[in-house]
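Let me begin by presenting the structure, written as structure tokens, before commenting on it.
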Amino acid sequence: MLGRVSDRVLADAGSVAYWLKRIVVFPIGERWATIAVVAALSGGRAALIAVLVWGGLAAAYTVSLRGLRSLRMRVPVMATMDIARQRDDGPLARRLLGRARLAAPLATAGLAVAAGGLLLAVPKEWYWAVALILLSAGLSARASHTGPLDWLVPAALHAAEYIFVIGVGIAGGVPRPLVFVLLFAIAMHHYDLTARPVAKQHVTDLGWDGRVALLAVAAAASAVTQVALALTVYLCLVFGVRAVAGWIPEARPTRSGRRPAGVHSGAQAGGM
């Protein structure tokens, strides 16, 4: 029922309900306006809090609405995609853990998110248990992702990795700017995988599982700051080199003046 109401609202372009629906999802114009107005009135911290609150509400609204539509339509969205690429699985998940073919990808991804959140509340000595629970999501790497809500799996795995990085950073006393830059590097890698049409996985990416395992080992050796710094520099270099080397040949027109199939202009591809 909610999906049908949403469809009717979108069909009524120009109405108040239509514009409210467009605004509630927090598009870029509203984000810039919020930052500018709140920062001018209350400062940068208040602007960041406002963006996080509105962004959280927009995410909850969007995920809830699309989830209800998926349950109603029962369309296996992930069946048409490169699952390993969307999940950002590394060699550990693809070649070892994935052999279990545990047929519950959404459940294991949800457990990974819960485990990452748990790291923020438990003593830092428990990070190994948390890391193992998080890595258990790799047991479903080779399973079919045909459930109506399995499109949530990649986002859940990405969220679990971000939370784990924050948790290990706090437990290991990593400087906050370094944690932020590491999260930025990982997020840009995820964006590259999902937004660039011809982006491919490489062993050098490590995968979410490889990065989690590496940080867990670093925490055990009391060297998490050094490893986080090395990982940040490495990911930035790999991403930068691959993005430049990949986009230039793909964007160069052929002799006929046409771009290769699957390549779009910067405005169409998100400017990436």
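The values are calculated or read from the model by the stated rules, or taken from the named source; none is laboratory data. Computed from a predicted model, the values in this text were never measured in an experiment. We place every Cβ from the backbone using ideal geometry, glycine too, and count neighbours over all the protein chains shown.
One residue alone among V179, V174, V233, V198 is loosely packed, with under 14 Cβ neighbours inside 10 Å, farther than 25 Å from L97 by Cβ, β-branched (V, I, T) and modelled with pLDDT of 90 or more, and that residue is V233. Of the candidates R45, R72, the single residue that is in contact (Cβ under 8 Å) with a residue 60 or more places away in the chain and surrounded by fewer than 16 Cβ atoms within 10 Å (Cβ to Cβ) is R72. Can we say V203 is at pLDDT 90 or above and either more than 30 Å from A104 (Cβ to Cβ) or surrounded by fewer than 18 Cβ atoms within 10 Å (Cβ to Cβ) (or both)? No, not satisfied. Restricting G246, G240, G167, G266 to those that are at pLDDT below 90 and either among the charged types (D, E, K, R) or over 28 Å from R95 (Cα atoms) (or both) reduces the list to G266. Residues in segment 101-116 that are free of Cβ contacts under 8 Å to residues at least 40 places away in the same chain and among the hydrophobic types (A, V, I, L, M, F, W, C) were compared, and the one that is nearest to S136 (Cα to Cα) is L111.
For segment 54-69, residues that are loosely packed, with under 12 Cβ neighbours inside 10 Å and of a type in the set (V, I, T) total 0.
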